[in-house]
Amino acid sequence: MKTLIILLMVWGLLLMVGYPSTSLFAQNENKIEVGSHIPLFKLPNQNGKIFNISTVLGKKNLVIYFYPKDGTTGCTKEACSFRDNLNEFKKSSATIIGISGDNVTSHKNFANKYHLNFTILSDQGNKIRKLFGVPNSMMGVVPGRVTYVVDRKGVVIHIYNSLSKPEQHFKEALSALKYEKK
């Protein structure tokens, strides 16, 4: 019991200082890294229509962010920060895509409630999350929060992983896109 308490305290301290929130116990077989090409995939969006990633590859930069759950405090802050800065992303010719394991109805309600003006994809069963190698957080219990910035060629140019700093994700993505333009 003492060991568990110490482990939880250390984990809490790491979250407070913004240490990347990868699981202490789980490793992913697949892992997309900077320099990797993203895999091709299709998922239903918040309107129930199938979104095929190949329709935007080669045309736009992409910001693909994986988040734990619709409507939670951190996920709402993250989504709204992308929404509020959408014009900045458009200046960088970037398309925002949010992905979680929630169903289409949940995504539709989330998008409507917070006026989200970008694509949200339903990855029930977490197949695409696993394909990207997105780690779980909080000792493997909570799906991780990871943002991938992808150039027009489909190559990952930046990855930001932090469960505890949801509003930092859009800043990291914009910074990577601005750096890429130089």
| said: Among the residues in the range 84-106, are any at pLDDT below 90 and out of contact with any Leu (no Cβ under 7 Å at 6 or more places or on another chain)? | reply: no
| In the range 124-151, the residues that are over 18 Å from Asn45 (Cβ atoms) and either in contact with a Gly (Cβ under 6 Å, 6 or more places away or on another chain) or among the acidic types (Asp, Glu) (or both) | Val134, Pro135, Asn136, Ser137, Asp151
| query | For the range 75-90, which residues satisfy the criterion of being under 17 Å from Lys59 (Cβ atoms) and in contact with a helix residue (DSSP H, G or I) (Cβ under 9 Å, 6 or more places away or on another chain)? | reply | Phe89
| task | State whether the residues of the range 148-156 include one that is on the phi > 0 side of the Ramachandran plot, assigned to a loop (DSSP other than H, G, I, E, B) and free of Cβ contacts under 8 Å to residues at least 40 places away in the same chain. | result | no
| message | Could you list, ordered by first residue, the pairs with Cβ atoms under 7 Å in which the first is in the range 82-93 and touching a residue at least 12 places away in the same chain (Cβ under 8 Å) and the second is surrounded by fewer than 12 Cβ atoms within 10 Å (Cβ to Cβ), at least 6 apart or interchain? | response | Arg83/His115; Arg83/Asn117; Leu86/Asn117; Ser92/Lys181
| query | Hey, among the residues in the range 51-77 that are in contact with a Leu (Cβ under 9 Å, 6 or more places away or on another chain) and polar (S, T, N, Q), which one's surrounded by the most Cβ atoms within 10 Å (Cβ to Cβ)? | reply | Asn61
| query | Any residue in the range 78-96 that is surrounded by 18 or more Cβ atoms within 10 Å (Cβ to Cβ), in contact with a His (Cβ under 9 Å, 6 or more places away or on another chain) and not in a helix (DSSP H, G or I)? | reply | no
| task | Name the residue, out of Lys178, Lys127, Lys171, that is over 16 Å from Arg83 (Cβ atoms), modelled with pLDDT of 95 or more and either more than 16 Å from the chain's Cα centre (by Cα) or not aliphatic (A, V, I, L, M) (or both). | result | Lys127
| Can you tell me which residues in the range 143-179 are hydrophobic (A, V, I, L, M, F, W, C), over 24 Å from Lys130 (Cβ atoms) and surrounded by fewer than 20 Cβ atoms within 10 Å (Cβ to Cβ)? | Leu174
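The values are calculated or read from the model by the stated rules, or taken from the named source; none is laboratory data. This is a predicted model, so every value here is computed, not measured. Heads up, the Cβs are rebuilt from the backbone with ideal geometry, glycines too, and the neighbour counts pull from every protein chain shown.
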